Amino acid sequence: MAPPAGRFHPWRNLAIFAGIVAFLYSLVFFTGGRDATPKLGIDLQGGTRVTLTARTVDGRPPPRESLDQARQIIEQRVNGIGVTGAEVVLDGTNLIITVPGENGDQARTLGQTAKLYFRTVIAGVPAPVPGAQPPGSSTPKAPPASQQPPVSGVAPTPVPPQPVHPQQVQPPPSGEPTPSPAPPAPGAPPAPSTSAPAPVGQAPADSADPQVAEQIRQARARLQSQDPAMQQQALAALNCAAANPLRGNDDPNLPLITCNQDRTAKYLLGPAFLSGEQVSTASAGQNQVGTGYEVRLRFKHQGEDIWSQYTANNVGKQSAFALDGEVVSAPQIIGAIPPGQSTSITGSFTQAEAQNLANVLKYGSLPLSFQPSESETVSATLGLASLRAGLLAGVLGLAVVFVYCLFYYRALGVLTILSLALSGLIVYAALVLLGRWIGFTLDLAGVAGFIVAIGITADSFVIFFERLKDEVRDGRTFRSAVPRAWVRARRTILSADAVSFLAAAVLYVLAVGQVKGFAFTLGMSTVLDLVVVFLATHPLVAMASQSRLWSQPGLSGLGAAQRAGAEGRSDLVTAGKEA
């Protein structure tokens, strides 16, 4: 039985829909500046693709578990530094990072292994500038401090080093796993409750890549010797301009001769006394006691005790923070740092350098050492051409659908076109806001998801209109048929959209890469389809049924259904008379 007349108020639903649209577009235009366009993926706007090649000590292929762990950590780094639309996939033993837009420089730093060790500085000298020293000259003497160039985060021994400041912070949470650090360096207090990390093993003779293994073995013998005479020779002969053969493969239990990351200073470092795995968290911000930026570190419980004892016994000395075997900072310890307080690394950091170091330390060490083997800029030309072709096909398809709806449904076809336009309006606002809030980027797969969703939305209209025709064939007027047809059609619409949404949700959970984007757009469009059908299409049809003009059989598209119903009733009457 039809609901009582006047119970349904179409203007109320339309007002709710208009309020939703107004609210969304107020967010679009008043919360995100002047940019009111969706974010595009790498296939539409171009970007950077970086290939990272895993490098093991013995040259053998890395374990699959280690590669999966490395991919997850890099994805965490991507999310942490705010690079949106990036994709990290495994290709054999390589990791491929694709970053849309102008974040290419950030993508090239995502593969740092971040094997951080804290070592005591035994000696440090400025690195010679290529071509500045004559052949056969000895190790250059350090220039006066006033002539030293600014070095980011590093203080060579002849230059007044940067301080390490204690800060009042909350102690790290208890119960965290605490990997064991390396044994204490000379002058550090004993830490009987800890054990050293396992040293990097020597490459076996039958390694899968003997050439790489031999290079690492020779580099260790030269740069990690325990003979003081060999150390001085290696320090003098070290060429900072050359590639570091021990990047990420140095032995923390041995001394290390290395350069800083800017290749402006050389260091002789003692064995590691603390591992970067003991870092609980790291953040970058303005220097609280001076100018510039700093990186603030908080250690786990076990690391706090070791760091506190070390700083108490080594006041006035330098402690090098060696990342992947290269010094990123060599600050001077100006006082003991009690457990429970944080440590700040200060120096001539820029904001980007401080943030990059903090992010790398914060999101953990990679289980493998990686080196960028390829970095390329991806042009958006092919993607835009594909987008234009896809949009052209979509527009032509929609045009055919519109013509068919106008021919078959007439006035109801006009309402179909209007409802699809309203659906596109709300989808566009959702794309813009999701791009700002969660970094959602629209790519070709997402466009395909929206095109499929248009078909789902059109199916909802067809279900409603065909139910409406059934009611008219049964002898009801357009106005009385609308509420009964809606009650019967909405169950089918809800069931169909629920199945589509569940399929999209399962696909999103199980898929990776661009397929996940397809599933996301399909699921979002399905939800918005219900909003449009319930708050726009149904009220518009109800209003059309109350209009004398739109309810005319020849204009509404229900004339054939009325004639068919009349003929059927006439046949029944004739058959009854004959009987």
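The values are calculated or read from the model by the stated rules, or taken from the named source; none is laboratory data. Because the structure is predicted, anything quoted here is derived from the model rather than measured. Every residue, glycine as well, gets a Cβ built from its backbone with ideal geometry; the counts of neighbours run over all protein chains shown.
Under 7 Å between Cβ atoms, which residue pairs at least 6 apart in sequence (or on different chains) link something in region 206-218 that is not assigned by TED's automatic domain parsing to the domain that holds P61 and of a type in the set (G, A, S) with a partner that is assigned to a helix (DSSP H, G or I) and at pLDDT 70 or above?
Close Cβ pairs satisfying both conditions: S207/A213.
Considering only region 490-497, I want to know if a residue exists there that is assigned to a helix (DSSP H, G or I), of a type in the set (K, R) and closer than 28 Å to R12 by Cα.
From region 490-497, those assigned to a helix (DSSP H, G or I) are 490-497; that's our starting set.
Going one step further and asking which of them are of a type in the set (K, R), we end up with 490-491.
When the remaining residues are screened for being closer than 28 Å to R12 by Cα, the result is 490-491.
Yes: region 490-497 contains one or more residues that are assigned to a helix (DSSP H, G or I), of a type in the set (K, R) and closer than 28 Å to R12 by Cα.
Considering only region 471-483, I want to know if a residue exists there that is over 35 Å from the mean Cα position of the chain (by Cα), part of a helix (DSSP H, G or I), hydroxyl-bearing (S, T, Y) and modelled with pLDDT of 90 or more. Write out each step before concluding.
Our first condition is that a residue be over 35 Å from the mean Cα position of the chain (by Cα); within region 471-483, this holds for 471-483.
Restricting the remaining residues to those that are part of a helix (DSSP H, G or I) gives 471-473, 478-483.
When the remaining residues are screened for being hydroxyl-bearing (S, T, Y), the result is 480.
Then drop every residue that is not modelled with pLDDT of 90 or more, which leaves none.
No, that holds for no residue.
Only one of V509, V472, V515, V462 is farther than 28 Å from G19 by Cα, without any contact (Cβ under 8 Å) to a residue 24 or more places away in the chain and either in contact with a Pro (Cβ under 6 Å, 6 or more places away or on another chain) or not basic (K, R) (or both); which? Let's see the steps before the verdict.
Details: V472 fails: without any contact (Cβ under 8 Å) to a residue 24 or more places away in the chain; V515 fails: without any contact (Cβ under 8 Å) to a residue 24 or more places away in the chain; V462 fails: farther than 28 Å from G19 by Cα.
Within the list V509, V472, V515, V462, the selection yields V509.
Would a scan of region 269-288 turn up a residue that is assigned by TED's automatic domain parsing to the domain that holds D305, buried (at least 19 other Cβ atoms within 10 Å of the Cβ) and free of Cβ contacts under 8 Å to residues at least 40 places away in the same chain?
Within region 269-288 (the criterion being assigned by TED's automatic domain parsing to the domain that holds D305, buried (at least 19 other Cβ atoms within 10 Å of the Cβ) and free of Cβ contacts under 8 Å to residues at least 40 places away in the same chain), the answer is no, since none of the residues qualifies.
Would region 506-522 turn up any residue that is more than 20 Å from the chain's Cα centre (by Cα) and crowded, with 20+ Cβ neighbours inside 10 Å?
Applying the first criterion (more than 20 Å from the chain's Cα centre (by Cα)) to region 506-522 yields 506, 522.
Next, from what is left, pick out any that are crowded, with 20+ Cβ neighbours inside 10 Å: 522.
Yes; the residues of region 506-522 include at least one that is more than 20 Å from the chain's Cα centre (by Cα) and crowded, with 20+ Cβ neighbours inside 10 Å.
Would region 458-467 turn up any residue that is small (G, A, S) and assigned to a helix (DSSP H, G or I)?
To start, the set of residues in region 458-467 that are small (G, A, S) comprises 458, 460.
Next cut, assigned to a helix (DSSP H, G or I) only: 458, 460.
Checking region 458-467: at least one residue is small (G, A, S) and assigned to a helix (DSSP H, G or I).
Of everything in region 406-422, what is in contact (Cβ under 8 Å) with a residue 24 or more places away in the chain and part of a helix (DSSP H, G or I)? Give them in sequence order.
Taking region 406-422 first, the residues in contact (Cβ under 8 Å) with a residue 24 or more places away in the chain are 408-413, 415-416, 418-420, 422.
Selection gives Y408, A411, L412, G413, L415, T416, L418, S419, L420, L422.
Does G446 meet the test of being assigned by TED's automatic domain parsing to the domain that holds V21 and touching a Gly at 6+ places or on another chain (Cβ under 8 Å)?
Numbers: assigned by TED's automatic domain parsing to the domain that holds V21: yes; touching a Gly at 6+ places or on another chain (Cβ under 8 Å): yes.
Answer is yes for this residue.
Please find, within region 292-318, the residue that is farthest from N359 (Cα to Cα) out of those that are assigned to a strand (DSSP E or B) and of a type outside the set (A, V, I, L, M, F, W, C). Write out each step before concluding.
Residues of region 292-318 assigned to a strand (DSSP E or B): 293-299, 318.
Next, from what is left, pick out any that are of a type outside the set (A, V, I, L, M, F, W, C): 293-294, 296, 298, 318.
Working: Y293: 14, E294: 13, R296: 11, R298: 13, Q318: 24 Å.
Looking at residues that are assigned to a strand (DSSP E or B) and of a type outside the set (A, V, I, L, M, F, W, C), I get Q318.
Yes or no: A485 in contact with a Leu (Cβ under 8 Å, 6 or more places away or on another chain) and in the same structural domain as L412 (by TED's automatic domain parsing)?
Numbers: in contact with a Leu (Cβ under 8 Å, 6 or more places away or on another chain): yes; in the same structural domain as L412 (by TED's automatic domain parsing): yes.
So A485 passes the test.
Scan region 466-490 for residues that are surrounded by fewer than 18 Cβ atoms within 10 Å (Cβ to Cβ) and either in contact with an Asp or Glu (Cβ under 7 Å, 6 or more places away or on another chain) or on the phi > 0 side of the Ramachandran plot (or both) and jot them down.
Within region 466-490, the first condition is being surrounded by fewer than 18 Cβ atoms within 10 Å (Cβ to Cβ), and the residues that meet it are 466, 470, 474-475, 477, 479-480, 487-488.
Once the filter is applied, which keeps residues that are surrounded by fewer than 18 Cβ atoms within 10 Å (Cβ to Cβ) and either in contact with an Asp or Glu (Cβ under 7 Å, 6 or more places away or on another chain) or on the phi > 0 side of the Ramachandran plot (or both), region 466-490 yields only G475.
Kindly provide the set of residues from region 322-339 that are outside any strand (DSSP E or B), surrounded by fewer than 23 Cβ atoms within 10 Å (Cβ to Cβ) and not aliphatic (A, V, I, L, M), ordered by number.
Those that are outside any strand (DSSP E or B), surrounded by fewer than 23 Cβ atoms within 10 Å (Cβ to Cβ) and not aliphatic (A, V, I, L, M): G335, P338, P339.
Within region 437-465, can you find the residues that are crowded, with 16+ Cβ neighbours inside 10 Å and of a type outside the set (A, V, I, L, M)?
Once the filter is applied, which keeps residues that are crowded, with 16+ Cβ neighbours inside 10 Å and of a type outside the set (A, V, I, L, M), region 437-465 yields F440, T441, D443, G446, G449, F450, T457, D459, S460, F461, F464, F465.
Filter region 438-452 for residues that are among the small types (G, A, S) and within 18 Å of the chain's Cα centre (by Cα); which is modelled with the lowest pLDDT? Show your work before the answer.
Step one: list which residues in region 438-452 are among the small types (G, A, S), which gives 439, 445-446, 448-449.
Now drop any that are not within 18 Å of the chain's Cα centre (by Cα), which leaves 439, 445-446.
Values: G439: 71, A445: 82, G446: 84.
By that ranking, first place goes to G439.
Restricting to strands (runs of 3 or more DSSP E) lying wholly in region 212-289: which have 1 or more residues that are in contact with a Cys (Cβ under 6 Å, 6 or more places away or on another chain)? Give the steps one after another, and end with the answer.
On the way: elements: 256-259, 265-275, 279-286.
By residue number, 256-259, 265-275.
Can you pull out the residues in region 312-347 that are among the hydroxyl-bearing types (S, T, Y), under 22 Å from G124 (Cα atoms) and either at pLDDT 85 or above or in contact with a His (Cβ under 8 Å, 6 or more places away or on another chain) (or both)? Before the answer, list the steps.
Filtering region 312-347 for residues among the hydroxyl-bearing types (S, T, Y) gives 319, 329, 342-344, 346.
Going one step further and asking which of them are under 22 Å from G124 (Cα atoms), we end up with 319, 329, 344, 346.
Residues satisfying the conditions are S319, S344, T346.
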